[in-house]
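Read through the structure below, which is laid out as structure tokens, and then see the notes.
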Amino acid sequence: MKASEPWERAGDKIRLQGFNLELWKYEGEPGSLIPLLQAAQRDYSYIPEAAIHYISDIVGIPPAQIYGVITFYTQFRLKPLGKYLLRICNGTACHVNGSKLMGQVIEDELGIGVGQTTEDGFFTVQSVACLGCCSLSPVMVINEDTHGRLDPRKIRKILKSYQSAG
Amino acid sequence: MKQVIVGMATCGLSAGAQKVYEKFEEVIREKNLPVTLKETGCIGMCYREVLVELQDGDGQNYLYGEVTPERVGEIVESHLLQNKPLLPWVVRGPHPTEDDSFFVKQKRIVLRNCGHIDPNSIDASIHAGGYHALRKALLEYSPEKVIDEVTGSQLRGRGGAGFPTGVKWGFARRSAGDKKYVICNADEGDPGAFMDRSVLEGDPHSVIEGMIICGYAIGAKEGYIYVRAEYPKAIQRLRQAIAQAEERGFLGENILQTDFRFRIKIKEGAGAFVCGEETALIASIEGRRGNPRLRPPFPAVSGLWGKPTNINNVETFANIPWIILNGAEAFASLGTDDSKGTKVFALTGKIKRGGLVEVPMGITINEIIYDICSGMREGKQFKAVQMGGPSGGCIPALMGQIQIDYAQITKTGAIMGSGGMVVMDESTCMVDVAKFFLNFTQNESCGKCVFCRLGTKRMLEILERITEGKGKGSDLDLLEDLAQKVRETSLCGLGQTAPNPVLTTLRYFRQEYETHIFDRKCPAHVCSPLLTYTILPNCCTGCGRCAKSCPAQAISGERKEPHFIQPEQCVKCGRCFASCSFGAVFKD
């Protein structure tokens, strides 16, 4: 992974590559830690360690405390995502309509569990509490595309279509 | 001018509204038709998505349901060009349809504009009455009069707890402080609830207007909307609406040429259910871990950055402009003695018509399920309705006569909650439902209080044991005892209400628990370890997929011949059932 890390060392400073300058507009405003972390994650798909130190310098909050905030909120990730983020909804409506079974099918098809990324870095599987389109349950979202009224057969077809599209 | 309006809220979009919109765009351009294409928010009929409203030359409105890109050409050809509406696809129009009953018992205050106006246009909102209430409040009413009006309407907080909104505003007004804040809680986290999202996506200006009026009433100059990051569409529409309101002078300095000023900022939540609790939400806006703190002091005295703060839910704010415009009495004339006005519900589960409805308080559960939602799917029996999400409970079908009213719902052991209603039939296992919600709260517990952190975990383990067929006779008493302690020793609403799903299912469906424990059976055929799996020879094609999926090598059979399961080897994981495309695996 080292080669693709989005930062470089310049002397004793760590420099982040391609850092979104939008980040800076929060400077000095109280309560900006979470928006800063969200911006970092938007840029990198996860929060690189260097970003924690970088943000710590901006807001004056120790890295350990920032780590505490990161791990508190489910939105934040400390590891990069696969090419496709597959979120399986486990809201109430999806649950009573069989989301557990759908999760199992996905697990079997991809060979990974919730919270894991396939070895080829293709799929990351996450479980979310509710995607808010309950009338389509059970539902999964792959990147931005919602797939509703799932059944095992449909899931296999959908996964195949992503795999063959590359 | 003819118009085509596509429902583009999240539910519509997930059903494919974007593609339908693009198809209309393409066809209209190709044929060079004099037709305006617009988008709108959620009209509530999620079960008929994608919905497209067509206003034809005669000024008639036709709402088409289940529109696909393939149907677009036909609709344009027949209705727009030849003026012949395709009545079989029309779900609402000048002629009666079977879907009309979905609207008959509804009363729309909060959703007055949802699905009717273009949420991207402030002019559409103003045209529908938007910001008229702000004008009235600012130019005709003193802040005290605004609070009197809201108090007089007897509006209660729609976030779940139902505290009288006017009284809350009064506290914040009377608190001394150089700076005060208004916060809109849009951290809608209950699984199975999407009321707030629909309002924010379909009519963001009403919420913003409600917040400005609140700011005027309590003496605040700054407002925050704390909205779930999982609602990108709502966030985008809010940002746009705030920018438009600033441009028109409804936000900023000297609003409507008065000396009142007010600004609104958006804070995106980062995914923590507990942040729906007001003190945790404040901690989150301040950039900290979302741990709740002891109250008092209440936020009205010491809230965001230690300043007096008023927090209300999206739906509460959306009610405010209507109350100011129509008067407290008009609002208070709706509903029961205890609960006034209307309530929005997100209906999901095993009903025929799932969607977003707004009903007057006092309507019965049966009326919602049978009259509005047209009863259960697949001819099944209504068993229970879950209200209030993870903090709520299951109300059994026998109590369907109960009125929607804060006091009545609380009496059942459930809560009104923010408005999620999940309807269940006989194929839903109540022990599994209790386990589902407890799993959720256990995951979302912030960990501050011991019983909430560990007690819910232990309760979950007991439920897992029961659903795996390892339950003991003493488990139910132990569950009740733990539930009581979690409720009594937790600091915030999350912990105090976490045992509700378990307690209500124990109260109304104790027998189902006992069947799991003593007979080792799951009557609803949900809890896999308690089931027996067999393969139906006449349905099996011998494809071998089940055998491949079986982790215990319990399935054998020749290729293209019916397979069978060795019961003594079967670990009852249910994978064969999931893997079969022919419905040949049978569970009992």
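Computed over the alpha-carbon pairs of segment B:2-98, the distance histogram in 5 Å steps reads 3, 15, 28, 27, 19, 7, 1 percent, short to long.
Given A:Gln38, B:Val571, A:His95, which one lies farthest toward the positive end of the charge dipole of the protein assembly as shown, if we put +1 on the Cβ of every Lys and Arg and -1 on the Cβ of every Asp and Glu? Checking the options against the dipole of the protein assembly as shown, the answer is B:Val571. From least to most packed, judged by other beta carbons within 10 angstrom and beginning with the fewest, B:Ser556, B:Ser445 follow the order B:Ser556, B:Ser445. Listing B:Glu561, B:Glu468 from fewest to most neighbouring C-beta atoms within 10 Å gives B:Glu561, B:Glu468. What the Cβ-Cβ distance of B:Thr489 and B:Thr410 gives, at R0 = 22 Å and to the nearest 0.05, is a FRET efficiency of 0.60.
Estimated from the Cβ-Cβ distance and a Förster radius of 25 angstrom, the FRET efficiency linking B:Asp337 and B:Phe163 is about 0.90. The HN-Hα couplings worked out from phi for segment B:391-402 by the Karplus form 6.51 cos²θ - 1.76 cosθ + 1.60 (θ = phi - 60°) are 9, x, x, 9, 9, x, 4, 4, 9, x, 7, 5 Hz, whole numbers, x standing for Gly and Pro.
For segment B:147-162, the residues whose backbone nitrogen is under 19 Å from a point 7 Å from the Cα of B:Glu329, taken along Cα to Cβ, are B:147-155. A straight Cα-to-Cα reach below 21 Å connects B:Lys2 with the lysines B:Lys19, B:Lys23, B:Lys31, B:Lys38, B:Lys84, residues fewer than 8 places away in its own chain not being considered. For chain B, would you read off the P(r) tail past 44 Å as a percentage of all alpha carbon pairs? Result for the distance tail: 25 percent. Placing a label point 7 Å from the Cα of B:Thr541 along the Cα-to-Cβ line, the residues of segment A:148-166 whose backbone N sits under 18 Å from it are A:151-158, A:160. Segment B:297-353 and segment B:147-186 have their alpha-carbon centroids 10 Å apart. From most to least packed by mean Cβ count within 10 Å, the peptides B:167-177, B:530-540 give B:167-177, B:530-540. Rounded to the nearest 500, the 222 nm mean residue ellipticity of chain B from helices alone is -10000 deg cm²/dmol, with -39,500 (n - 2.57) taken per DSSP H run of at least 4 residues. Evaluated at q = 0.10 Å⁻¹, a Debye calculation over the C-alpha positions of the protein assembly as shown (equal weights, vacuum) places log10 I(q)/I(0) at -1.10.
The alpha-carbon atoms of segment B:342-425 define a convex hull whose volume equals 72 cubic angstrom per residue. Cβ-to-Cβ counts within 10 Å put B:Arg71, B:Arg295 in ascending order as B:Arg295, B:Arg71, the fewest first. Site pair B:Gln240 and A:Ile58 shows an inter-label distance of 2.7 nm when each label is modelled 7 Å from Cα along Cα→Cβ. When only alpha carbons are used to place a centre, segment A:90-145 and segment B:239-275 end up 35 Å from one another. Distance between the C-alpha centres of segment B:413-434 and segment B:444-479: 19 Å, rounded to the whole angstrom. For segment A:28-78, the alpha carbon convex hull comes to 68 Å³ per residue, rounded to a whole number.
Taking only the C-alpha atoms of segment A:84-165, Rg followed by Dmax gives 11.4, 34 Å. Let me know the shape class of segment A:75-131, please: from the alpha-carbon gyration tensor, a ≥ b ≥ c as square roots of the eigenvalues, rounded when a/c is under 1.5, otherwise prolate if a/b is greater than b/c, or oblate. Cα axes put segment A:75-131 in the oblate bin. The distance between label points at B:Leu294 and B:Arg559 comes to 7.2 nm (points 7 Å beyond Cα on the Cα→Cβ vector). Relative to the 2.2 N^0.38 Å rule of thumb, segment B:465-538 has a C-alpha radius of gyration ratio of 1.38.
Every number in this text was worked out from the coordinates using simple rules, so none of it is lab data. Everything numeric here is computed off the predicted structure, so don't read it as measured data. Note: ideal-geometry Cβ built from the backbone for every residue, glycine included; neighbour counts use all protein chains shown.
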